[in-house]
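All remarks here apply to the structure that follows.
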Amino acid sequence: MAQIVKSLEPRKTVPATLLGTLIGVTAGSLVAASVSALAAYFARRVVTPEDSRIGRDVIRSIHTDEHGQVWVHLVRDAETAAAGEHSMFTHAGACCVRLSGPEPVPGKPKLVARKVLHTYYGQLAGARRANLSGSVYEHPNDVGIDVRQVQLELEVGPGPAWLMPGTEHPDTWVICVHGRGARPTESIRALPTLRGLGVTALLMSYRNDGVAPDASDGRYGLGDTEWHDVESAIRYAIEHQAKRIVLLGWSMGGAISLQTADRSYLAEQIDSLMLVGPVINWVDVLSHQARMNRIPQTVGLFAQWLLSNRAGRWITGLAAPVNLKRLNWVERAAELRHPVLIMHSRDDDFVPSGPSEQLARLRPDLVQLRTFTGAAHTREPNVDPQGFAAAIEAFMAARLQAAPSVTAHR
């Protein structure tokens, strides 16, 4: 009985300083755990391909007018009200249609109307969630261009590609490299301009893009690994009598193209690069995305550390860390060796144009910058098709007068 009573006696008071320390350690551990979890989620999202997009709740109604034309009324925001034609994918990609430019809905200022120009697949009826895309077309035939289906031998396996043979300049090849989360269809918007120049165009696929096979880790390398696939495309072009090679990279495809021109054993065979809304500096993009998603700076910095260090591989799933310093062309501006045309919208809210502008200021001898407004991310040819075409035509006119870049196949 005495033992039981003793066990119920009040314990000695814990010193206040010790109690405060214990609370601080516990709180600090919880904060650290939250920071780690959020940083891990952010880092994984950056390098993990998405199988399908759920879409946003933007479709308010679908109407058929007296002429039998179908119209979609969308919640007005920066994306739905963007100028120019766009494609629209409904929930999880169940339906894809091509839409006209935006028009006002009388009496409903919070809505915008777009005409359905073409249905590629699926049924639009009943859809409520959707995403708009600047990749307007599903096949080169949609712009009246015939292509051949060819296959590239990539490191990861066979990579399907579209080949548009050239006419006036068939030995000048423009290899089109699409961006993160996109497909070779992204480059179709440039085909009419390239056809007008008489050059050959190759719209390639690369690892983890949903067209070519996945890499062993199933993760994006942000350009640090995908450049090997562009090297394979260059080798294919040279084997098929290419004498001048230009890389056309969109968004992350710009980062991939820059790495190819820097690290490939075929880099000297590259004549020049044309980049649309390119990632010039991934650190800047990741910091911007963290701010846009209201992620604290410390979390964003930790996510960058996870991506770029071997210790983070078990969290990100990357087979090897991403060398973010090697992907920073503002810091590496002096190492640039090829002529570059950059086309970038000043209001790009996904890949800010700042690094593109910095690179142009640092290397005016090699970099030409054509800025756009109102085009957001990689929608320059949608919003200003004439300006986009003119920039490519002027740049390529100068390149076609230069000596061919390909000297011999090695």
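Evaluating P321 against the criteria (1) farther than 30 Å from V156 by Cβ; (2) without any contact (Cβ under 8 Å) to a residue 40 or more places away in the chain; (3) touching a Ser or Thr at 6+ places or on another chain (Cβ under 7 Å) leaves one unmet condition, (1).
Restricting attention to the stretch 41-75, which residues are acidic (D, E) and part of a loop (DSSP other than H, G, I, E, B)? Break it down into steps so the answer makes sense when it comes.
Quick first cut of the stretch 41-75, residues acidic (D, E) only: 50-51, 57, 65-66.
E50, D51, D65, E66, listed by residue number.
Pairs meeting the criteria (first residue in the stretch 56-75 and over 12 Å from A113 (Cβ atoms) and β-branched (V, I, T), second residue modelled with pLDDT of 95 or more and open to solvent by 40 Å² or more (accessible area, probe 1.4 Å), beta carbons under 6 Å, at least 6 apart or on different chains) are V58/V75; T64/V70.
When V112, V177, V136 are screened for being without any contact (Cβ under 8 Å) to a residue 40 or more places away in the chain and open to solvent by less than 10 Å² (accessible area, probe 1.4 Å), only V112 passes. For the stretch 95-109, the set of residues classified as open to solvent by less than 20 Å² (accessible area, probe 1.4 Å) and under 12 Å from H73 (Cβ atoms) consists of L99, V105, listed by residue number. The C-beta contact set for the stretch 326-342 (first residue under 16 Å from A267 (Cβ atoms), second residue open to solvent by 20 Å² or more (accessible area, probe 1.4 Å) and part of a strand (DSSP E or B), distance under 8 angstrom, 6+ apart or interchain) comprises P339/Q368; V340/Q368.
Is it true that some residue in the stretch 351-374 is more than 18 Å from the chain's Cα centre (by Cα), charged (D, E, K, R) and open to solvent by less than 70 Å² (accessible area, probe 1.4 Å)? Yes, there is a match, as at least one residue in the stretch 351-374 is more than 18 Å from the chain's Cα centre (by Cα), charged (D, E, K, R) and open to solvent by less than 70 Å² (accessible area, probe 1.4 Å).
The condition (being under 23 Å from the mean Cα position of the chain (by Cα), modelled with pLDDT under 95 and among the aliphatic types (A, V, I, L, M)) is satisfied by just one residue among I315, I342: I315.
Residue by residue, here is whether (1) touching a Ser or Thr at 6+ places or on another chain (Cβ under 7 Å); (2) open to solvent by 30 Å² or more (accessible area, probe 1.4 Å); (3) not small (G, A, S) holds:
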| position | (1), (2), (3) |
| --- | --- |
| L266 | no, no, yes |
| P278 | yes, no, yes |
| N281 | no, no, yes |
| V285 | no, no, yes |
| Q297 | no, yes, yes |
| R310 | no, yes, yes |
| L327 | no, no, yes |
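Among the conditions (1) out of contact with any Asp or Glu (no Cβ under 8 Å at 6 or more places or on another chain); (2) modelled with pLDDT under 95; (3) open to solvent by 20 Å² or more (accessible area, probe 1.4 Å), A78 misses just one, which is (1). Residues that are touching an Asp or Glu at 6+ places or on another chain (Cβ under 6 Å) and open to solvent by 20 Å² or more (accessible area, probe 1.4 Å) within the stretch 208-240 comprise just one, H228.
Report, by residue number, each residue of the stretch 332-350 that is buried (at least 21 other Cβ atoms within 10 Å of the Cβ) and within 16 Å of M274 (Cβ to Cβ). Within the stretch 332-350, V340, L341, I342, M343, H344, S345 meet the criteria. Look at the stretch 180-207 and say how many of its residues are assigned to a loop (DSSP other than H, G, I, E, B), open to solvent by less than 10 Å² (accessible area, probe 1.4 Å), in contact with a helix residue (DSSP H, G or I) (Cβ under 6 Å, 6 or more places away or on another chain) and closer than 21 Å to F388 by Cβ. Adding up the residues that qualify gives 1. Restricting the stretch 139-172 to residues that are small (G, A, S) and within 17 Å of T193 (Cβ to Cβ) leaves a set whose member that is surrounded by the fewest Cβ atoms within 10 Å (Cβ to Cβ) is G144. Among the residues of the stretch 221-229, some residue qualifies, meaning at least one is over 17 Å from A43 (Cα atoms), over 17 Å from the mean Cα position of the chain (by Cα) and either not in a loop (DSSP other than H, G, I, E, B) or not acidic (D, E) (or both).
Which of the residues spanning the stretch 354-371 are free of Cβ contacts under 8 Å to residues at least 24 places away in the same chain and touching a strand residue (DSSP E or B) at 6+ places or on another chain (Cβ under 9 Å)?
First, pick out the residues of the stretch 354-371 that are free of Cβ contacts under 8 Å to residues at least 24 places away in the same chain: 357, 360-361, 364-365.
Once the filter is applied, which keeps residues that are free of Cβ contacts under 8 Å to residues at least 24 places away in the same chain and touching a strand residue (DSSP E or B) at 6+ places or on another chain (Cβ under 9 Å), the stretch 354-371 yields E357, A360, R361.
Do any strands (runs of 3 or more DSSP E) entirely within the stretch 76-146 hold 2 or more residues that are of a type outside the set (S, T, Y) and more than 22 Å from T378 (Cβ to Cβ), and if so, which? Full working, then the answer.
Working: elements: 86-90, 96-99, 111-121, 129-133.
Qualifying strands (runs of 3 or more DSSP E): 111-121.
The values are calculated or read from the model by the stated rules, or taken from the named source; none is laboratory data. None of these values were measured; they are calculated from a predicted model. Ideal geometry is used to build each Cβ from the backbone, glycine not excepted, and the neighbour counts take in all protein chains shown. Quick note on the areas: whole protein, heavy atoms, side chains included, nothing else; ligands and nucleic acids left out. Shrake-Rupley method; radii C 1.70, N 1.55, O 1.52, S 1.80 Å.
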